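> Would you mind keeping the following structure in view while I ask a few things?
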Amino acid sequence: MPLHELLGNQHMHTPYSDGEGYHAEIAQAAINAGLDYIIVTDHNILVEGIAPYHFSEDKKKRVLVMTGEEVHDTSLLPQSNHLLVYNTGRELAACAYDTQLLIDEVNRSGGMCFCAHPFDYTSKLIDYEPINWRRWDVKGFHGLEIWNYMSEFVRLTTTVQNAIKYARQPDLGIAGPNPDTLKKWDELTASGLKIVGIGNSDAHATKVTKFGHSAVIFPYEMLFRAVNTHLLVNEGLNGDIDHDSKLIYAALRDGHCFIGYDHPAPTRGFRFSAQGEKGAAIMGDEINMGAGVTLQVSVPAKAEIRLLRNGSVIAKRDADTHLMHIADKPGVYRLEAYIDFKGQKRGWIFSNPIYIR
Ligand SMILES: [Zn+2]
Ligand SMILES: [Zn+2]
C-alpha cells in the first residue's frame, strides 16, 4: 500500500489568461496552504519556462509548479467543452476546433486530459452561462473534474445578497460536487470505462467591483485550503523534476487519488482499499472478484460514509470513521463521506473507484 500522500490542485489561472496572480505568487499561496504541487492551466496557452520549485522564505517548504492548459474552441458560443490538458510538452490550443482531434493529440503526446466543470451552474445575476461539457461522443479522455469549487460558488449567486454573503463566506454555501457530474461519472465507469475523478479550485483571484463593493474574491490561498486532489504514491517527492513530475502524472493517470474538501476538517489520511484472494488494490485499480473482495474504508474524522456500487449506495455508516464491506459482485465501487459543518451536511471526501472485475 502506498505510504505517501501528495496534496495538489490542477486547475488555476494567471494573467496569461484571466487570472490575477503570476506563478510565483500562486506558488507562495500553495506553500502557505500546504500543497505539494500545482498545475497551472491558463486558457488556450501552455506557459513554459516557469521555475519548477518554489520555496518558502525560510526555505523549509517547497512546492512543485507544473503547467498545463485549459483548452476550448473560442469560436463556440455559448462556451463549452473546457478540457484540462496535462503533460503534453507542447501547445495544443490549435487543435481546439475539433475536440476528438485535440484528445487524440493529447494521447499522442503522452499527456492526459480531463473534462473541466462538465456540469456547470448558471447565474442570471452575474450573467453567467454554464460552460458545460457537451461532447460526450468523444473517446480517450482520462477523467472528469468532479468538483470545481468556483463552479459551485456560481450556484449560490441567486440574489445580490447571496452573492455578497457567499463571496465573503463560501463555507456557508459550498455543499459538494454537482450531482449531475457524479451521475455521469457513475454512468461512464459502469459502462466499462476507467474514468479518473479530480477536484480543483479553478482559482482566478478575480477583482470584483460590483454592488458598490470592490474586493478580490476567492484569493488563491483560500481556495488551496478548500477542494484539492490527494495522490497516493509509493515514494515522496525528492526535488528532482523528472522524478517528481513522473510520480504525480502517473498517480493522476491511474486514479490513485481522492478529492478532499478541507474547510470542514482535514481530509489527509483517508484510505479506501480492497483485498482479494490474489492481491490488493487501491483507488483507481482493478481487482479480480474471485471468491470475494474485502473493501476497507478509513476516514480521518467521524462522518457519514457511503459506499456506492455502480452509482447506488449499498452500505452506509453514520458518525463513524470506518466501513468494511465484503463485495460479492463485480462492479465499480467508490466512496463518499459527508460531514456536519456550519449547520449543514457537506460533501467532504470523494474517492476514485476500485473496479472489481
Ligand atoms: Zn473552464
Ligand atoms: Zn478554468
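> Give me the angle, in degrees from 0 to 90, between the Cα long axis of helix 99-108 and the longest principal axis of the Cα atoms of the chain, rounded to the nearest 10.
70
> Quick one: work out the % antiparallel among DSSP beta bridges in the chain, nearest 5.
The answer is about 75 percent antiparallel.
> Would region 229-337 count as rounded, prolate or oblate if I go by the C-alpha gyration tensor, calling it rounded below 1.5 in a/c and otherwise prolate when a/b exceeds b/c, oblate otherwise?
Taking the square roots of the gyration eigenvalues as a ≥ b ≥ c, region 229-337 is oblate.
> In addition: What nm value, rounded to one decimal, do you get for the distance between I126 and E187 when each label is placed 7 Å out toward the C-beta?
2.7
> Where a ≥ b ≥ c are the square roots of the eigenvalues of the C-alpha gyration tensor, would you call region 4-263 rounded, which needs a/c under 1.5, or, failing that, prolate if a/b is larger than b/c, or oblate?
It is rounded, given that a/c, with a ≥ b ≥ c, falls under 1.5.
> Let me ask another. For the chain, take the longest principal axis of its alpha carbons; what is the angle in degrees between that and the long axis of helix 241-254, to the nearest 10 within 0 to 90?
The angle comes out near 60 degrees.
> With a sphere of radius 14 Å drawn around the Cβ of I314, what net charge do the other residues whose Cβ falls strictly inside it have (Lys, Arg +1; Asp, Glu -1)?
Result for the neighbourhood of I314: +3.
> How far is helix 179-190 tilted off the main Cα axis of the chain, in degrees rounded to 10, range 0 to 90?
Helix 179-190 sits roughly 50 degrees off the main axis of the chain.
> Considering only DSSP beta bridges where both residues belong to region 41-155, give the percentage that are antiparallel (nearest 5).
Antiparallel bridges make up about 70 percent of those DSSP assigns within region 41-155.
> Another one. Which distance in nm do the two modelled labels at N238 and Q344 give, with both placed 7 Å along the Cα-to-Cβ direction?
Result: 4.6 nm between the two label points.
> For K184, give me every one of the lysines with a C-alpha distance below 27 angstrom, ignoring sequence neighbours fewer than eight places off in its own chain.
Within reach: K124, K139, K194, K316, K329, K345.
> What are the aspartates and glutamates whose alpha-carbon lies under 12 Å from the alpha-carbon of K302, with same-chain residues fewer than 8 places away excluded?
Within the straight-line limit of under 12 Å, K302 reaches these aspartates and glutamates: D318, D320, D340.
> To the nearest Å, what is the center-to-center distance of region 54-69 and region 206-272, using C-alpha atoms only?
13
> Related question: Once the piece of chain linking K165 and K246 is laid out straight, how much longer is it, given 0.36 nm per residue of separation minus the C-alpha distance between them?
Answer, rounded to one decimal: 25.0 nm.
Throughout, read-outs are computed from the coordinates displayed, never taken from laboratory work. Just so we're clear, the structure is a prediction, and the values are computed from it rather than from any experiment. All Cβ positions, glycine included, derive from the backbone under ideal geometry; neighbour counts span all protein chains shown.
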